[in-house]
Amino acid sequence: MRRPWQSFRGRFLVTAGVVMLALLALSLYTDARVRSQARDNLALVRNHAYLQQTVHVLRGQLRGLESALRRYAVRKDPYALPGLERRLNGLQQGAQRLVDPPFGVWSPEIRTLLAESQDLLDQIDHRFRGVLEVLPTPELRRRAAAITRDGLAPANRDFLQALQRTLAEARGSERGGSRVRRMRAQLRADWQARARAVQAFAARLSGAAAPQSRRAPFPDHRGANRHRVQADLDALYGPRRAGLDHPAGAGYVALQTAQRRYDAALAALLQLWRRHPPVLDSRLLQQRVQPLLTRTRGLFDVIERRSSAEIAAGLADTSRTTGALSRLLWGYTLLGLLLFAAAYRIFDRRVRRPLRELTHAIDADGRGGASLQTRRPPLAEAEQVLSAFGRMKEQAQMRQRRLQAILDHVRDGILTLTEHGAIETFNRAAQTLFGYRAEEAVGRNFAYLLAGPGPFDPVACLASAGGSDCPGQELSLEAQRKDGRRFPLSLKLSEMMVDGQRCFTAIVADVSGQQQMVQRLTDLAEHDSLTGLYNRYYFMEELVRVFDQAVRSGAGRYALLYLDLDNFKYVNDTLGHHAGDHLMVEVGALLRERVRSSDLLARVGGDEFAVLLCDVDEDTSLRVAESYRLQLADYVFDLQGARVDVGCSIGVAPFTERVETKEEWLAHADIACHAAKRLGRNRVHVFRGADRENVAEMTLDIGWARRIKRAIDENRFAIACQPIVAAGSGVVHGYEVLLRMLGDNDEVILPAGFLASAERFGLMTEIDKWVVRNAISTLAEQRSAGGDVRYSLNLSAASINDLGARELIIREVQRSAVDPAALTFEITETVAIADLTVAAQFLSSLRALGCTTALDDFGVGYSSFTYLKDLPVDYVKIDGSFVRTMDTDPVNLTVVRSMNEVAHAMGKKTVAEFVESQQILHLLQEIGVDYAQGFYLGRPDMSFPCRAVARSAGVPGICPT
């Protein structure tokens, strides 16, 4: 076992202790001398620097005072008197600051000189004020008193009375009353301050002021607070009132009148003062004040000379002390050099040489040569380094084995490449992916695994992916397995430096399954789930592209066809919704047979289709539209013996240079379609200039956009509540909020009559915001009366992508203080799969607020349980197209059962829509569906607050009569 002094640390501590004890006494003595001398000299320099600076300023002020006195003696300018007073006051204040120095004390000589200067300045002030006097004449006093009595006093009284009147006028109409009251209080305070200043000025002119206050008055128009008063009036009643909502009535007019009268009286008083200014005896100033000023200037020169002498003496003392300390420091330096030479000699023999030998041994072991020396190192520290290296080597080998195990069991293939693309490592997942063993792949260029020709250059590949600052960029390549099969490969390439050499890490994976899923989801997002045609979203995207291309080319040969089935509503009303769905499928198939490959056919509404024709003139587009009309005119819808002639009305809108936006182009086709319907249906109408002139007249009949906007502005919407009941117990769980619009004669318009137009004209977000505001307000009113009521609100695709809608929900919940758990927000399946990421983020934010979420119409689109698992929804609403026929259709019964079981397995509750009979409800109970909704359980009720909700909640008293 080594003793403590055998280590380098112990020996160093012993030596350092001896040296420190030897130098401690010298250090303490030097420190005390330096601190004392530095403190005294610093105080001396600071005091005299402060003294000279202040005396220099005072001399400048003294010269300014003498110059002002000379100018006054020559010009007799009474307006110069305030300047004389200010300069004299500045001299007195500066001299007062010199009485007590900021650091230490003055020497006796300096203290005597400063006291003498203070006495001289007091004499100057006394003599100056002794010759200062105002000589008002009797005529001046009489006229000033008349202006005060007949002008200023009545105007001041009228202003205060008018201000009191404005308070009475606004007391019943203010909303933010506290802020307005504070502003009026500020106006009163500013006016009274102005009145006091003007009153004092008038009293001096009229001789009513006390003798000691009759010095020459100097009126200041701004000092009378005139601008503050005007600013207060503008803030309360001006054009920029900072958003205040209060009237500017007769009181405000009286305020303005009183202020103008007061300003006129003050102007007359100022004009009177200018004609009779104060008088100052300049001869007395020259005789009594000037000698004192000369003496003071000479005294300041003496002070400066004395201060410079004391500074020079202090610097000489400092120089002597510095010389002594310099010799002492050189002694310290020599002693330090000797100690350093001795320490270096000891360090070289006892530390550096043993450590160098140990380093050479470690390097040899790292190269796989001779093992570490077994001779015991002379220092304890070296022995500790040797032991630590052994442990580090063992840990490094263990980490290497662990890293290799991780690389062999990771799912993705991981390769390391040289800067020329040669493979250096090839993990087990890469062997499985490509079919090569590691021995077969290592050393080959990475291009050996790809389908393309030529060597693989990782530097160029990384540059094409965005540069070295984008190391996680994913590339898509085509790879080839050992058996010759090709597959899409995802490559993530990153650069690194190892031992000064540039290399790359490549993470590879087979993405064929992901590409198929993306393609399938893309098809679902772009196609109508019922007819298989393109949907409105895809059609509008293509319309944007074609419109931009036509605008750039300047001569686009395009046309829009807008088809609206004539008897679709009749089929729905008489044969049911399932018949309408069947009709849409057959019509879609008929139209698809006739459309050209260069054209685009899409279903853009419930019974509306659009066709974008390319490379056609107006005559050709008219012939194509007529062919579509004849095709549907000859078509007869036949369902279980019920035959209905369908027919269609078609609007044609050729592209012209006068079309400015894609929305205007689509609106032309829509207007032409409605014109065809107005002309008798089952016909084709081409949009003309006359149609543009008659748009206003047509809008009176079909202008849903205008009617919807007016309904939003004038609250011409109403909410209807349909109960959602627990399927097992029949207890009401909550209510779905449905929307109704009130017509011009207060007739009720169902959503089918206006929602399609709202979507076309981009008004869905505004409608959703109206529903959110009014539904949450109604819910808060009902719950405050004691009812445990819950609401379920539908949101459109436009609101999902609108940040304002999300912020409105949060703001309304906080404002109404309603429990967020009482609110459920629904989005349809088609809206969710259109942009899964945006939908998931929107629903997550609502759940974070405390609300619940639901996926509506599940089953009508691509019912993928994969995205259902990832969507943050609490309820899954099974579409009514499966529920309403499940008692007669075993397939639909099986579908509903499957949806319910999978949703429950994912921890989500289910709601069945369109429950229209006791038999369907019984089947839902057997399946285990959680909640049910439909006409059999309750129709929508429009009472406000809805009485159906109140009765079901057990608190009918909340409904007003």
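The values are calculated or read from the model by the stated rules, or taken from the named source; none is laboratory data. Every value quoted in this text rests on a predicted model; they were computed, and no experiment measured them. Note that we place each Cβ from the backbone using ideal geometry, even for glycine, and neighbour counts take in every protein chain shown. For accessibility, only protein heavy atoms count, side chains too; no ligands or nucleic acids. Shrake-Rupley method; radii C 1.70, N 1.55, O 1.52, S 1.80 Å.
Some points to look at:
- Residues within the stretch 548-570 that are touching a strand residue (DSSP E or B) at 6+ places or on another chain (Cβ under 8 Å), at pLDDT 80 or above and in a helix (DSSP H, G or I), tallied: 1
- Residue match in the stretch 520-536 (condition: out of contact with any Pro (no Cβ under 6 Å at 6 or more places or on another chain), open to solvent by less than 30 Å² (accessible area, probe 1.4 Å) and in a strand (DSSP E or B)): no
- Inside the stretch 893-920, residues that are open to solvent by 20 Å² or more (accessible area, probe 1.4 Å) and under 20 Å from F935 (Cα atoms) make up a count of 6.
- Number of the condition not met by T112 [criteria: (1) in the same structural domain as R59 (by the TED database); (2) modelled with pLDDT under 80]: (2)
- Residue pairs whose Cβ atoms lie under 7 Å apart, separated by 6 or more positions or on different chains, with the first residue in the stretch 314-339 and under 30 Å from T15 (Cβ atoms) and the second surrounded by 12 or more Cβ atoms within 10 Å (Cβ to Cβ) and modelled with pLDDT of 75 or more, do not occur.
- Every test in (1) surrounded by fewer than 20 Cβ atoms within 10 Å (Cβ to Cβ); (2) over 30 Å from L524 (Cα atoms) is passed by L836 save one, and that test is (2).
- Test: residue in the stretch 902-920 that is of a type in the set (D, E), farther than 22 Å from Y791 by Cα and either part of a loop (DSSP other than H, G, I, E, B) or without any contact (Cβ under 8 Å) to a residue 12 or more places away in the chain (or both): no
- Number of the exception - R275 against (1) modelled with pLDDT under 75; (2) farther than 30 Å from R226 by Cβ; (3) among the charged types (D, E, K, R): (2)
This table checks each residue for (1) over 24 Å from A912 (Cα atoms); (2) in a helix (DSSP H, G or I); (3) in contact (Cβ under 8 Å) with a residue 12 or more places away in the chain.
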| residue | (1), (2), (3) |
| --- | --- |
| T765 | yes, yes, yes |
| V789 | no, no, yes |
| R811 | yes, yes, no |
| V818 | yes, no, yes |
| T830 | no, yes, yes |
| A840 | no, yes, yes |
| T853 | no, no, yes |
| D857 | no, no, yes |
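- Answer residue from the stretch 741-773, given it is polar (S, T, N, Q) and touching a Gly at 6+ places or on another chain (Cβ under 9 Å) and is surrounded by the fewest Cβ atoms within 10 Å (Cβ to Cβ) among those: S757
- A search for C-beta distances below 7 Å between a residue of the stretch 294-308 that is within 14 Å of L91 (Cα to Cα) and any residue that is surrounded by fewer than 14 Cβ atoms within 10 Å (Cβ to Cβ) and among the small types (G, A, S), counting only pairs 6+ apart in sequence or on different chains, returns nothing.
- Options R327, R367; residue that is of a type in the set (K, R) and modelled with pLDDT of 70 or more: R327
- Taking the stretch 629-674 as the range and being part of a helix (DSSP H, G or I) and either outside the structural domain of M540 (by the TED database) or among the aromatic types (F, W, Y) (or both) as the test, only W665 passes.
- D483 being at pLDDT below 75 and surrounded by fewer than 16 Cβ atoms within 10 Å (Cβ to Cβ): no
- Screening A68 on (1) in contact with a Ser or Thr (Cβ under 9 Å, 6 or more places away or on another chain); (2) surrounded by 13 or more Cβ atoms within 10 Å (Cβ to Cβ); (3) among the aliphatic types (A, V, I, L, M); (4) at pLDDT below 75 shows it passes everything except condition (1).
- L233 vs. criteria under 20 Å from R188 (Cα atoms) and either modelled with pLDDT of 75 or more or surrounded by fewer than 17 Cβ atoms within 10 Å (Cβ to Cβ) (or both): yes
- Within the stretch 596-624, residues that are in the same structural domain as Y562 (by the TED database) have Cβ atoms under 7 Å from residues that are in a loop (DSSP other than H, G, I, E, B) and basic (K, R) in these pairs: D615/R557; V616/R557; D617/R557, counting only partners at least 6 apart in sequence or on another chain.
- Output for the stretch 415-434, where each listed residue is of a type in the set (V, I, T) and buried (at least 20 other Cβ atoms within 10 Å of the Cβ): I423
- Only one of the listed residues (S777, S792) is under 18 Å from D819 (Cα atoms), surrounded by fewer than 20 Cβ atoms within 10 Å (Cβ to Cβ) and under 34 Å from the mean Cα position of the chain (by Cα). That residue is S777.
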